[in-house]
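Values in this text are rule-based calculations from the coordinates and carry no lab data. Just so we're clear, the structure is a prediction, and the values are computed from it rather than from any experiment.
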Amino acid sequence: MADSWTEMWSIGGGRARTYCGIAEAEGEFAVDLFSGDTCLSSEVFATRPEAARTAQALHRRYLAPLRLSYPDVGISASA
């Protein structure tokens with residue numbers, strides 16, 4: 001199987017964009033978190049479900065401040 005990277009979610013746009021994806025290589029799954037072109041963190045997991053749970057937790061962590069800042073605005077993020 002070829003190595004792959006799948007974006008799980010994204011908030012914002014351009015250089016202010018924060019996004020998260022899962023990279024698969026050699027039977028391991030890394031959750032990569034980026035802000036613009038900068039990798040903020042990368043954590044490796046043995047299974048894709050573990051990686052997906054972590055990506056979802058990061059999404060909640062980064063989306064929560066936006067909801068508190070803009071409660072009356074329809075904030076949307078890809079999932």
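Near the amide H of Arg17, within less than 5 Å, lie the amide hydrogens of Gly36, all on another chain or at least 5 residues away, with H placed in the peptide plane. Would you please classify the overall shape of segment 10-67 from the alpha carbon gyration tensor, given that a ≥ b ≥ c denote the square roots of the eigenvalues, rounded means a/c under 1.5, and beyond that prolate means a/b larger than b/c while oblate covers the rest? Taking the square roots of the gyration eigenvalues as a ≥ b ≥ c, segment 10-67 is oblate.
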